[in-house]
Structures are given as structure tokens and as C-alpha cells.
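J.: Supplied in C-alpha cells, the structure appears directly below.
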Amino acid sequence: MIRSFATFILFIWFCPVFADTNQNCDKKNICSSIETENDETSVYLQAKNLIPGTHITVYTAIEGPNIETEPQSPISFVLNDSDKKKVLTFKKKENTEAPVSVAVLAVAYYGDLSAKHDETYVYTLPYEGKSWISVGYNSGEEHKGGGAYSLDFVLPEGTPLLAARDGIVVETEDKFTEGRRDPKLIDKANRIVIEHSDGTVAIYGHLKPKGVLVKPGDKVVAGQKIGLSGNTGFSTGPHLHFEVYKPEENRKKKSFATLFKTESEEKEYLSEENAYWTPDGKTPPGFPITNIEEFCISHSIPDPDKPFSCSDKIQTKRKFYLSIPIYKSGPYTFKGEFISLKTKKVSFTFQEKIPGGINFEAWEIQPVLSAGKYKIKFYLEEKEIGERSLQILP
């Protein structure tokens, strides 16, 4: 889980009204100050280390009795350079006692408050290889509200992560080492934060310790290797949290649905319980729901999370297992016809329902076949998707 924004800066001042005050800065040099000139007291903001071409949105509130501000507080401001900027003025309300002190609250977020997401942009999948989406849009406990359009990709730890879009790296963190479902770890996920040309921001979360391969200020291009997946922070297992968002008023954010180019060679929105991979020009038998080349026949129950051996030769009078990967969520009707090469007839037909929400299925096949050579024809939804050879040994 990645809470709210990539950066959370909070500083509160208590100072005499109408008195000059030095700048108060956080560790990233986002600073505020109160200054009085010509009987006007003003609040200034400055992003001293702002990376050129990026933005910081700062929610600003003035708190204190008998105070009025112009413009009315709270309000957010966008800083797009490192110059000091006067953002508001305040004064004592007429016919009221002067307050002893006021508080200045400033919370800063990466990205542009006025950003307009380019809905036509087609993103690159942010990883090498193939991955399933475990939590999609408007799903689970975390993908709600401002983070509704987030995606969690299941990835083995150490999987290379790729930039999904051109941009500038504005923040990185890779010092955290723990990962589990513990509220104490909500803000302790390693991450990379990248601002795009339209002012939106992408976060890549839960990276492995020392799994960040870029630094703030780096310009990256889509498809560039930027890090390694992990399991740090509030997490139930190794995965990548990916989200594109912009800051909004009142310390909120808005996330965006993102189009990706996938193995289908088409642009599409990704959905939960489906697998996606980058176009490679290959259309194996069963594509894109499954891949017959990865079907496995074995005498032992296969474990998809561990290596297991497969064979095209099995012993007679022994049950065996047929297992297949599922890349697109069902339900589907799956059928296998075992055809004897000797008689040219179907000796055995196997048919089952593949339920939705799974990425691997294994069936136990009873020892009903006689010794000999067979051809197995496979069908999905009554459509033939390919065949395999099998020999039953005496």
C-alpha cells in the first residue's frame, strides 16, 4: 500500500503577528516564511531544490484567532521554479483583539495542481516479462478514493521495472527492508516517483532494498530500466504498485486510468485477475488465454510457484496430472481429446470448467488409457487451440 502522496511535508510555525520570521525548511528544502513590509504581512513559499521542469503543489493554511487572509486560506499553490513566491497576505480582523500568534501549515506534494492527464497517451508496461494484476481499479481496501485507479502487479522480487512513460525522476527511496501487512509500514515502501510532461506523477512502489536504479533529476524514457521489484512497506507479497495521479485541493489527489500497449498489440485498460506482457510478436497455441507449449503432464501434483518436471511419456495404470497456465480470467470450458494413433479414434475425453480469478489449473486424470501413443487435441469454448503428443508406457 502506498499512502496518498509520494512526499508528505508538515511544518507549523507559531510566531508573533506582524513580526519578521526566518525561513522554515524541511529536509527537501521546501520552505515557508512570514515577512512584513509596508504594513503588509505575507506568507512566502520557496522550493529551493526544485528540479527544472517539475512542479510542487503546496497546501497552505493560516491558523489563528481573529485572522483573515487574502486569498482565503486554506488554499494550494504550485511552485514551478526555485524562486521565492509570495502566496498570500493576512491581517487582524477589524474590531478584534490582536492574536498572540498564528500557525502556518504547509503540506507539499509532487505534481501540478492544474495538470490535465493526457488520456490518449499509451503507457509501456512497467516491468519485464509477464505479470498478473492482483488488485485493479476500485478494488481491495487500498484502491479507493484518490487512489482508485491504481494497479498492483504480481512480480517475483528482483524483476526489472521499466519506466511506463517519459519523465523526470523527482523522488526515490530505497532504504526500507521490511514488508508485511502492518499499518506501521504504510509509509515505509521503497519507491520511485516520476513527473510527466503533463504535470501528472507516477509512483512505482514496494521496490526491494537498494532496488532503485535512478536518482532525482534523471530524465527517463518509456521502457528504460529504473528499478527492481520487491515487497517493502504495507504489502501482502512481492508486487509492484503503479499509479498515475495529480494533486488536488484540500490535501487530496486524483488518480487516472491509463491505457497500455499489451501482447495484443492494441491499447487497452488493464483489469484484475488477468495477465499482461509486452508485445513480442509471438502467438503461441491458445494465445492469449493460455499457451499449450507450457502445458505440463506429470505423475506428481505440480506447484506453480516451484520448478516441476513435465514429460510426454507416463506410466500405464498410474494417474497423472495435466496443468495449464491461465492468462485471461474465465470462466472457460476446457476439453481434451485423447486420440489413439493406432486406432485413429478418441479413447478418452476430458472436459472441465475453468473458473474465473485463477492463473493456473491442474487436473487429476485417472489411469483409463492403455499403453500406446496418443495425440491430445485441446479446446477452449469448443474452439480447437492446438495439440500435444503423449505416450503411455507399458
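The values are calculated or read from the model by the stated rules, or taken from the named source; none is laboratory data. All values derive from a computational prediction rather than experimental measurement. Cβ placement follows ideal geometry from the backbone for every residue including glycine, while neighbour counts extend to all protein chains displayed. Side chains are part of the model used for accessible areas, which takes the heavy atoms of the whole protein and leaves out ligands, DNA and RNA. Shrake-Rupley method; radii C 1.70, N 1.55, O 1.52, S 1.80 Å.
J.: Residues with amide H under 5 Å of K252's amide H, sequence separation 5 or more or different chain, H placed in the peptide plane at 1.01 Å from N; which?
T.: Here the answer is none, since no amide H 5 or more places off falls under 5 Å of that of K252.
J.: Further question on the same structure: Tell me the carbon and sulfur percent of the accessible area for region 254-394, rounded to whole percent, probe radius 1.4 Å. Could the numbers behind the result be given before it?
T.: Working: 3680 of 7630 Å².
Carbon and sulfur: 48 percent of the exposed surface of region 254-394.
J.: Provide the FRET efficiency to the nearest 0.05 for the E94-D26 pair, computing r from the beta carbons and using R0 = 35 Å.
T.: Using R0 = 35 Å, I get an efficiency of 0.50.
J.: I want to verify a result. In a Gaussian network model of the chain, Cα cutoff 10 Å, which of these has the top mean-square fluctuation: S311, S235, S197?
T.: Of S311, S235, S197, the most mobile in the Gaussian network model is S311.
J.: If the chain between S42 and R180 were fully stretched, how many nm would it gain, using 0.36 nm times the residue separation less the Cα-Cα distance?
T.: Residue separation times 0.36 nm, minus the Cα-Cα distance, leaves 45.2 nm.
J.: Tell me the per residue accessible area of the chain using a 1.4 Å probe; a whole number in Å² is fine.
T.: It amounts to 48 Å² per residue over the chain.
J.: How much FRET efficiency would the formula 1/(1 + (r/R0)^6) give for E35 and T236, where r is the Cβ-Cβ distance and R0 is 35 Å, rounded to 0.05?
T.: 0.10
J.: Using a Cα-Cα cut-off of under 18 Å, which lysines could be cross-linked to K225, ignoring same-chain neighbours fewer than 8 residues away?
T.: Candidates past the 8-residue exclusion: K130, K208, K210, K215, K261.
J.: Can you flag which of K175/K328; K48/K219; K27/K188 are past 26 Å Cα-Cα?
T.: Over 26 Å apart, Cα to Cα: K175/K328.
J.: Please list, ordered by chain and number, the residues whose modelled amide H lies under 5 Å from the amide H of S139; skip anything fewer than 5 residues away on the same chain.
T.: none
J.: Under the classification rounded if a/c is under 1.5, otherwise prolate if a/b is larger than b/c and oblate if not, where does region 36-160 fall, given a ≥ b ≥ c as square roots of the Cα gyration tensor eigenvalues?
T.: Prolate, since a/c reaches 1.5 and a/b exceeds b/c.
J.: Please give the net charge around K344, taking every other residue with its beta carbon less than 15 angstrom from that of K344, where Lys and Arg add +1 and Asp and Glu add -1.
T.: Net of charged neighbours comes to +3.
J.: Compute the Rg to Rh ratio over region 183-233 from the alpha carbon atoms, using the Kirkwood formula for Rh, and round to two decimal places.
T.: 0.99
J.: So, one more: Given R₀ = 51 Å, what would the calculated FRET efficiency be for K342 paired with K225, taking r from the Cβ atoms and rounding to 0.05?
T.: It comes to 0.45.
J.: Which residue, D112, D39, D280, has the most motion in a Gaussian network model of the chain that connects Cα atoms within less than 10 Å?
T.: D39
J.: Let me know the shape class of region 123-277, please: from the alpha-carbon gyration tensor, a ≥ b ≥ c as square roots of the eigenvalues, rounded when a/c is under 1.5, otherwise prolate if a/b is greater than b/c, or oblate.
T.: Rounded shape, in that the Cα axes give a/c under 1.5.
J.: Given a 1.4 Å probe and heavy atoms of the protein chains only, how would you sort I51, I301, I56, largest accessible area at the top?
T.: I301, I51, I56
J.: Let me spell out the model: positive unit charges on the Cβ of Lys and Arg, negative unit charges on the Cβ of Asp and Glu, origin at the Cα centre of the chain. What dipole size does that give, in debye rounded to 20?
T.: Dipole size: approximately 1960 debye.
J.: Another one. How far, in nm, would the chain grow between K267 and N80 when pulled straight, counting 0.36 nm per residue and subtracting the alpha carbon separation?
T.: Going from the current span to full extension adds 64.1 nm.
J.: Using a 10 angstrom cutoff on alpha carbons, build the Gaussian network for the chain and name the most mobile of P285, P160, P209.
T.: Evaluated over the chain, the most mobile residue of the options is P285.
J.: How big is the charge dipole of region 155-228 about its Cα centre, in debye rounded to the nearest 20, if each Lys and Arg gets +1 on its Cβ and each Asp and Glu gets -1 on its Cβ?
T.: Rounded to the nearest 20 debye, it is 260 debye.
J.: List, in order, the whole-Hz ³J(HN,Hα) value for each residue of region 176-185 obtained from phi through the Karplus relation with A = 6.51, B = -1.76, C = 1.60 and θ = phi - 60°; use x for Gly and Pro.
T.: Rounded to whole hertz, the list is 7, 10, 9, x, 5, 7, 9, x, 5, 9.
J.: Taking a virtual spin label 7 Å from the Cα of F308 along the C-beta vector, which residues in region 257-300 bring their backbone nitrogen under 19 Å of it?
T.: 290-300
J.: Along the charge dipole of the chain, Cβ charges K/R +1 and D/E -1, which of A371, T57, L113 sits furthest on the positive end?
T.: A371
J.: Give, as a single signed number, the net charge of other residues whose beta carbon lies under 12 Å from the beta carbon of T283, with Lys and Arg counted +1 and Asp and Glu -1.
T.: -3
J.: Here's a follow-up. Convert each backbone phi in region 347-355 into a coupling constant with the Karplus relation 6.51 cos²θ - 1.76 cosθ + 1.60 (shift: θ = phi - 60°), then list the ³J(HN,Hα) values in order as whole Hz, x for Gly and Pro.
T.: 8, 7, 10, 10, 9, 8, 9, 8, x
J.: Sticking with this structure for a sec: With +1 on the Cβ of every Lys and Arg and -1 on the Cβ of every Asp and Glu, and nothing else charged, how large is the dipole of region 308-394 about its Cα centre, in debye rounded to the nearest 20? Let's see the in-between values first.
T.: Details: 15 positive and 9 negative charges, 91 e Å.
Around 440 debye, computed over region 308-394.
J.: May I pose another question? Given Cα pairs under 8 Å that are at least 6 residues apart, what percent is the relative contact order of the chain? Present the calculation step by step, with values, prior to reporting the outcome.
T.: Details: 1074 pairs, mean separation 51.2, N = 394.
RCO, the chain: 13 percent.
J.: Further question: State the answer as a single residue: which of L228, T258, F242 lies farthest towards the positive end of the charge dipole of region 123-277, with beta carbon charges of +1 for Lys and Arg and -1 for Asp and Glu, about the Cα centre.
T.: So the residue we want is L228.
J.: Please list, in chain and number order, the residues 5+ apart from F308 or on another chain whose amide H is under 5 Å from its amide H, with Hs placed from the backbone.
T.: Result for F308 returns nothing.
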